[in-house]
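Notes follow once the structure below has been shown.
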Amino acid sequence: MPRRPWHRTAVRTAVAALAAAGLLTAAGLGSTARATGEWRQTGSGLQSSLGAGEGVTTVQRPGGGERVLYRGVASIPPALRLRGWSHIGDPDSARGYVVDAYQSRGAAPTRKMFRVTTPSGRSYEYTHTLAPGEMYNNSFAAVSPDTRWMVAGEWGVMDHLQVYPTPLLNPATARTGGGLALSGLVRLDKPVGNVQGCDFVTATELVCASDDSSLAYFPEDKPLLRIDLEHPLSGGDVAGHVTDLGPIPQDSECAGASEAEGVDYDATTGVLRVEMIQPSVCAAVTTVYRFRRG
């Protein structure tokens with residue numbers, strides 16, 4: 001979705017009203033660059049939460065070049081919403097294919113769904129039937145660099161992430177949609193809370209955004225996490241070592257807690273993007289922080 005400069009104007013209008021009521025923090029939209037672990041912040045931008053508040057990915061264009069693709073509640077096609085797929089998570093992209101993670105907000109969901117859009121614009125749906133004890137949540141999709149495997153996440157406090165064959169990109173999956181079976185787990189050595197988005201940096205490293213504010217597992221509010229895999233994904237279980245990289249920025253002119261959302265690593269440019277929905281009235285705007293390693 002293209003950037004729209006009026007988002008900043010809309011936020012500042014809301015900020016003016018809150019300032020008059022004395023409800024603002026001292027922090028502003030233009031934050032000072034800082035480091036989060038080995039990642040150095042290089043900038044930030046604003047997007048509409050309606051169109052970008054759930055996730056972000058970099059898509060390689062069929063004719064060359066790339067584009068940054070955002071997802072928000074407005075990204076759900078009406079036909080899918082009518083069929084109960086009312087939540088879209090943080091997407092990922094590989095070789096021009098886009099993988100979206102969907103969940104149902106029905107009373108007792110029994111399935112989750114991954115929708116793959118090809119570079120030519122055709123879309124196919126792959127549904128996964130929940131195993132006993134599996135959460136219905138489908139927070140994100142992260143495709144491995146070899147494109148054959150995909151990591152996904154649930155919700156709450158978890159000691160694992162899920163591993164699936166990547167729909168369409170793994171030759172073991174059906175060509176026009178169908179069922180999708182879980183193939184393994186990333187078994188974490190530390191519990192993680194409310195992971196909203198992840199992306200691969202290398203074949204054995206993911207960076208993830210946690211919306212956990214409990215301080216029960218890490219000393220920061222909304223930590224950025226690194227997960228180092230024992231070996232590249234091969235379809236079975238793999239051990240994952242969790243490292244706390246520090247807090248994700250929460251800059252806003254509105255008081256309250258932000259919400260951590262999507263993560264994208266662009267291997268071509270080396271840019272890491274992490275999303276934060278701003279708090280309170282400013283929740284109409286999502287801040288996209290940009291980082292580089294080093």
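Since every read-out is calculated from the coordinates, none of them should be taken as a lab result. Source: prediction; values computed, not measured. All Cβ positions, glycine included, derive from the backbone under ideal geometry; neighbour counts span all protein chains shown.
Listed highest first by mean packing, meaning other Cβ atoms within 10 Å per residue, what order do 58-68, 276-286 come in?
So the order, starting with the most tightly packed, is 276-286, 58-68.
Which of the following values of volume of the Cα convex hull per residue in Å³ was calculated from the structure shown: [x] 120; [y] 136; [z] 145?
Computed from the coordinates, volume of the Cα convex hull per residue in Å³ corresponds to [y].
Give me 205, 134, 54, 259 sorted ascending by neighbouring Cβ count inside 10 Å, so fewest comes first.
Exposure proxy ranking, most exposed first: 134, 205, 259, 54.
Contour minus end-to-end for residue 50 and residue 146, with contour as 0.36 nm per residue of separation and end-to-end as the Cα-Cα distance?
Difference between extended and current length: 31.4 nm.
Treating the angle as unsigned and between 0 and 90°, give the value, to the nearest 10°, between the Cα long axis of helix 6-21 and the longest Cα principal axis of the chain.
50 degrees
Once you list every other residue whose beta carbon is under 14 Å from the beta carbon of residue 267, what net charge do they have if Lys and Arg are +1 and Asp and Glu are -1?
Value of the local net charge: -3.
So what is the 222 nm mean residue ellipticity for the chain from helices alone, if each DSSP H run of at least 4 adds -39500 (n - 2.57) and you divide by all residues, rounding to the nearest 500 deg cm²/dmol?
-2500 deg cm²/dmol
Towards the positive end of the charge dipole of the chain, with charges on Cβ (+1 Lys, Arg; -1 Asp, Glu), say which of 76, 152, 167 has the farthest Cα.
My answer, from the dipole projection, is 76.
What's the FRET efficiency of residue 122 with residue 267 using the Cβ-Cβ distance as r and R₀ = 25 Å, to the nearest 0.05?
Result of the calculation: an efficiency of 0.50.
With a ≥ b ≥ c the root eigenvalues of the C-alpha gyration tensor of the range 169-292, is it rounded (a/c under 1.5), prolate (a/b larger than b/c) or oblate?
In terms of gyration-tensor shape, prolate.
Taking the Cα centre as origin and putting +1 on Lys and Arg beta-carbons and -1 on Asp and Glu beta-carbons, what dipole magnitude results for the chain, to the nearest 20 debye?
1120 debye
Tell me, in nm to one decimal, what length is gained between residue 34 and residue 215 on full extension, where the rule is 0.36 nm per residue of separation less the Cα-Cα distance?
My answer for the length gained is 63.1 nm.
State the extension gain, in nm to one decimal, for the chain segment bounded by residue 175 and residue 234, taking 0.36 nm per residue of separation less the distance between their alpha-carbons.
Stretched out fully, the residue 175 to residue 234 stretch lengthens by 19.2 nm.
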